[in-house]
1. Exactly one condition in (1) touching a helix residue (DSSP H, G or I) at 6+ places or on another chain (Cβ under 7 Å); (2) hydrophobic (A, V, I, L, M, F, W, C); (3) in a loop (DSSP other than H, G, I, E, B) is not met by Ala306; state its number.
2. Regarding segment 170-181, can at least one residue be identified that is under 23 Å from Ile78 (Cβ atoms), within 13 Å of the ligand (Cβ to nearest atom) and among the charged types (D, E, K, R)?
3. Within segment 187-230, track down each residue that is within 16 Å of the ligand (Cβ to nearest atom), in contact with a helix residue (DSSP H, G or I) (Cβ under 7 Å, 6 or more places away or on another chain) and of a type in the set (Lys, Arg).
4. Does Pro304 qualify as being surrounded by fewer than 15 Cβ atoms within 10 Å (Cβ to Cβ), within 19 Å of the chain's Cα centre (by Cα) and of a type outside the set (A, V, I, L, M, F, W, C)?
5. Among residues belonging to segment 148-159 that are assigned to a helix (DSSP H, G or I) and more than 16 Å from the ligand (Cβ to nearest atom), point out the one that is surrounded by the fewest Cβ atoms within 10 Å (Cβ to Cβ).
6. Within 16 Å of the ligand (Cβ to nearest atom) and among the small types (Gly, Ala, Ser): does that describe Gly233?
7. Give me the residue from segment 174-212 that is closer than 22 Å to Ala288 by Cβ and of a type in the set (Asp, Glu) and, out of that set, surrounded by the fewest Cβ atoms within 10 Å (Cβ to Cβ).
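The numbers here are math on the coordinates, done by the rules we state, and not lab data. Here the structure is a predicted model, which is why all the values come from computation and not from measurement. Ideal geometry is used to build each Cβ from the backbone, glycine not excepted, and the neighbour counts take in all protein chains shown.
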Amino acid sequence: MNFFKSGSQKPIRQKMTSFIPYGTQDIDSSDISAVVKVLKSSNLTQGEQCDLFEKEICDYTGANFSCAVNSATSALHIACLALGIDNSSLVWTSPITFVASANAAKMCGAEIDFVDINENLNICPEKLAEKLIAAKRLGKLPKAIIVVHMCGQAAEMKRISELTRQFDIKIIEDASHAIGAEYDGQKVGSCKYSDLTVFSFHPVKIITTGEGGVVTTNSNLLHEKLCLLRSHGVTREKRLLNNKKQPDWYYEQILLGYNYRMTDIQAALGISQMRKLDGYVKRRHEIATLYDESESKLPGTPIPQAQYSSYHLYVLRINSEKSINKRDHIFKDLRSRGIGVNLHYYPVHLQPYYRKLGFKPGDFPAAELYAQEGLSLPIFPTLTNEEHEKVIQALERHVIKV
Ligand SMILES: *Cc1c(COP(=O)(O)O)cnc(C)c1O
């Protein structure tokens, strides 16, 4: 099947059906030629393109260092390991996130707990403050907190870092949704209020490398650990070797690492996508504005996005003041009309795996209420105004007429 004519500059959206997804990648001919160039070169795996991609990520975010890997899940895993998270550690995160945010801590053998959300779907600083006081009393403070920037809107990092600093709690930002977003006058990823930040390049995210992720940090030491963990714990760097008087072929494994490398094929795609990042975020803002302007036709209330968001998601909360129907009914109706609405996310603590660890309904009421009401609407750079109108028309059928 031929989805595109070679040489075409037009975005290639694989429109096999009229189905409108909630999110999808945008691959154009410049992306394709960047990838083909690497395929025709002598090096396919981590190499020069990865170095260049990492430099682009640093230049864009303002962070001093970055380490590109094969997914954000891998990035979260090595971020935890670099901070020394192990089976004696406790890690906190948000219950409203993709499971990988919590799994990363479990993969290190750590215990996990959650902090409930606020109206922005991010960790609520007040609930965090209360939970810290209780944890201090019990002698059960976390070693690290993984802060998720839901929808592409940064959490209240300043408050969160003030609250956690006094207990020396490390901070990882799970910014899988949030490349291109800003907080406190800086790009998310600058690590101004954290130790490490993770981005995802899965195809539904803001930019893609097919699969991929990156960790940014301002710490030389953490960066060094990340790079070792990414590639088997093996190094040839003289400075790190135990036995320094060895011939040039010599290498050492100095810790237990993984094969989490990003390929140069992926990195070349990433570099090409970075050129379009600001344009993507701008188009996402335009679509968000179109939804905002149609608020009277929406059977719910949009999640407020006060920070400069990357608008990975545009989420509506369906509620009885605005809607004649419940969320599940609207979900089913829109899906039957070819509109790929979704829920991001079913609370992590209610997943069977986490219930087996002792979590139960009622533990995080704000997250659980949101899971009854949330509906992610289509938002991605190649969504047309006509498609947007189709979504609005389908939603309008559920609005209470006054
Ligand atoms: C997508 C996502 C991840 C995992 O990203 P991968 O690159 O698919 O591993 C982790 N956390 C959040 C919040 C995500 O949205």
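1. (1)
2. Scanning segment 170-181, I find at least one residue that is under 23 Å from Ile78 (Cβ atoms), within 13 Å of the ligand (Cβ to nearest atom) and among the charged types (D, E, K, R), so the answer is yes.
3. Arg230
4. On the way: surrounded by fewer than 15 Cβ atoms within 10 Å (Cβ to Cβ): yes; within 19 Å of the chain's Cα centre (by Cα): yes; of a type outside the set (A, V, I, L, M, F, W, C): yes.
Considered against the rule, which asks whether it is surrounded by fewer than 15 Cβ atoms within 10 Å (Cβ to Cβ), within 19 Å of the chain's Cα centre (by Cα) and of a type outside the set (A, V, I, L, M, F, W, C), Pro304 comes out as yes.
5. Pass one, segment 148-159, residues assigned to a helix (DSSP H, G or I): 150-152, 157-159.
When the remaining residues are screened for being more than 16 Å from the ligand (Cβ to nearest atom), the result is 158-159.
Working: Lys158: 14, Arg159: 16.
The residue in question is Lys158.
6. Answer is no for this residue.
7. First, pick out the residues of segment 174-212 that are closer than 22 Å to Ala288 by Cβ: 174-189, 199-208.
So of that shortlist, the ones also of a type in the set (Asp, Glu) come out as 174, 182, 184.
On the way: Asp174: 29, Glu182: 16, Asp184: 13.
Among them, the one singled out is Asp184.
A quick yes/no check of all residues on (1) within 18 Å of the chain's Cα centre (by Cα); (2) among the acidic types (Asp, Glu); (3) part of a loop (DSSP other than H, G, I, E, B):
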position: Ser88; (1), (2), (3): no, no, yes
position: Ile96; (1), (2), (3): yes, no, yes
position: Gly109; (1), (2), (3): no, no, yes
position: Lys127; (1), (2), (3): no, no, no
position: Leu132; (1), (2), (3): no, no, no
position: Ile145; (1), (2), (3): yes, no, no
